[in-house]
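The values are calculated or read from the model by the stated rules, or taken from the named source; none is laboratory data. Since the model is a prediction, treat every value here as computed from it, not as a measurement. FYI the Cβ positions are ideal-geometry reconstructions off the backbone, even for glycines, and counts take in every protein chain you see. These area figures cover heavy atoms from the full protein model, side chains too; ligands, DNA and RNA do not enter into them. Shrake-Rupley method; radii C 1.70, N 1.55, O 1.52, S 1.80 Å.
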Amino acid sequence: MTLSAPIHVLKSRAKRQARLQGMPLHKALDAVAHSEGFQSWSHLVFASHKSRSAEALQGKLTPGKMVLLGARPRQGKTMLGLELLARLAAQGRPAWFFSLDFHERGVASAFDRLGLTAQAKSVAVDTSDAINADHIVNRLASAPPQPVFVVDYLQLLDQRRSHPRLDAQIKALRAHVRASGATGIVLSQIDRAFELTEKAMPTADDIRMPNPVDLRDFDTHCFLNEGQLAIADAA
């Protein structure tokens with residue numbers, strides 16, 4: 001579906017509409033997306049880059065690697081993670097989606113919007129409130145070789161006081177990935193202050209860090225913004 005204007009122009013239109021009508025920006029973004037024939041703003045953004053982004057990132061998802069995928073809300077990071085899982089599951093790799101944000105109906109709806117309902121049957125979905133690194137490692141322990149998993153999302157892993165510190169959890173996931181040949185994709189929020197900058201794309205410095213994490217535990221950093229994807233090997 002062809003857009004009537006570039007994404008940055010459509011976003012400016014939504015901001016103007018939100019300001020003039022006194023409505024939340026996310027509702028204005030969805031209204032603009034509806035006028036373009038999409039179900040939501042995240043659907044519009046994702047549709048504009050999904051094939052190119054998925055193909056570009058898929059090559060980084062080799063066994064034993066940890067990938068960080070960051071974006072502001074409604075930029076399509078969850079949709080991209082789900083598409084990657086569906087693609088890899090279709091190639092025979094065991095695929096898991098661990099979410100502390102979505103519920104199972106929401107995941108099914110996302111796969112449907114992506115046109116991947118059939119492929120989604122091969123993706124195991126876990127939306128337990130108990131999700132943390134230990135939970136993920138235990139679920140993957142009996143998986144066939146070289147599983148790939150998405151964690152949705154980084155900043156929620158230690159929201160329970162009974163869970164280990166976030167940095168310890170990421171190191172535990174990294175150790176498991178290295179030892180087992182799994183591939184991990186961890187979705188991450190980007191600090192809202194990024195929107196006040198002139199930068200076209202977030203960087204590691206823009207990741208929201210309520211609790212410290214050593215980003216060197218990830219092999220690759222990926223960022224989404226306005227339909228564009230940036231991929232860089234971690235320093």
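Does any residue in region 17-39 that is open to solvent by 60 Å² or more (accessible area, probe 1.4 Å) and in a loop (DSSP other than H, G, I, E, B) come within less than 8 Å, Cβ to Cβ, of a residue that is modelled with pLDDT under 90 and among the hydrophobic types (A, V, I, L, M, F, W, C) six or more places away or on a different chain, and which pairs are these?
Pairs that qualify, where the first residue is open to solvent by 60 Å² or more (accessible area, probe 1.4 Å) and in a loop (DSSP other than H, G, I, E, B) and the partner is modelled with pLDDT under 90 and among the hydrophobic types (A, V, I, L, M, F, W, C), are 39/33.
Tell me, which residue of region 151-167 that is crowded, with 16+ Cβ neighbours inside 10 Å and part of a helix (DSSP H, G or I) is farthest from the chain's Cα centre (by Cα)?
Per the stated criteria, the residue is 166.
Could you list, in sequence order, the residues of region 214-228 that are at pLDDT 90 or above and over 16 Å from residue 184 (Cα atoms)?
If the condition is that a residue be at pLDDT 90 or above and over 16 Å from residue 184 (Cα atoms), then 224, 225 are the ones that fit.
Determine if region 127-140 includes at least one residue that is closer than 24 Å to residue 60 by Cα and touching a Pro at 6+ places or on another chain (Cβ under 6 Å).
yes
Scan (1) open to solvent by 30 Å² or more (accessible area, probe 1.4 Å); (2) within 19 Å of the chain's Cα centre (by Cα) for the single condition residue 170 breaks and write down its number.
For residue 170, the exception is condition (1).
Against the definition (assigned to a helix (DSSP H, G or I), within 27 Å of residue 216 (Cα to Cα) and open to solvent by 40 Å² or more (accessible area, probe 1.4 Å)), how does residue 101 come out, yes or no?
no
When you check residue 209 against the structure, is it assigned to a loop (DSSP other than H, G, I, E, B), under 24 Å from residue 58 (Cα atoms) and either of a type in the set (A, V, I, L, M, F, W, C) or open to solvent by 10 Å² or more (accessible area, probe 1.4 Å) (or both), yes or no? Before you say what the answer is, go through the steps one by one.
On the way: assigned to a loop (DSSP other than H, G, I, E, B): yes; under 24 Å from residue 58 (Cα atoms): no; either of a type in the set (A, V, I, L, M, F, W, C) or open to solvent by 10 Å² or more (accessible area, probe 1.4 Å) (or both): yes.
Against the criterion (assigned to a loop (DSSP other than H, G, I, E, B), under 24 Å from residue 58 (Cα atoms) and either of a type in the set (A, V, I, L, M, F, W, C) or open to solvent by 10 Å² or more (accessible area, probe 1.4 Å) (or both)), residue 209 does not qualify.
Would you mind stating whether residue 180 is among the hydroxyl-bearing types (Ser, Thr, Tyr), over 18 Å from the mean Cα position of the chain (by Cα) and under 17 Å from residue 62 (Cα atoms)?
For residue 180, the condition - among the hydroxyl-bearing types (Ser, Thr, Tyr), over 18 Å from the mean Cα position of the chain (by Cα) and under 17 Å from residue 62 (Cα atoms) - is met.
With respect to residue 62, is the statement that it is under 21 Å from residue 233 (Cα atoms), open to solvent by 30 Å² or more (accessible area, probe 1.4 Å), touching a residue at least 12 places away in the same chain (Cβ under 8 Å) and not charged (D, E, K, R) true?
Considered against the rule, which asks whether it is under 21 Å from residue 233 (Cα atoms), open to solvent by 30 Å² or more (accessible area, probe 1.4 Å), touching a residue at least 12 places away in the same chain (Cβ under 8 Å) and not charged (D, E, K, R), residue 62 comes out as yes.
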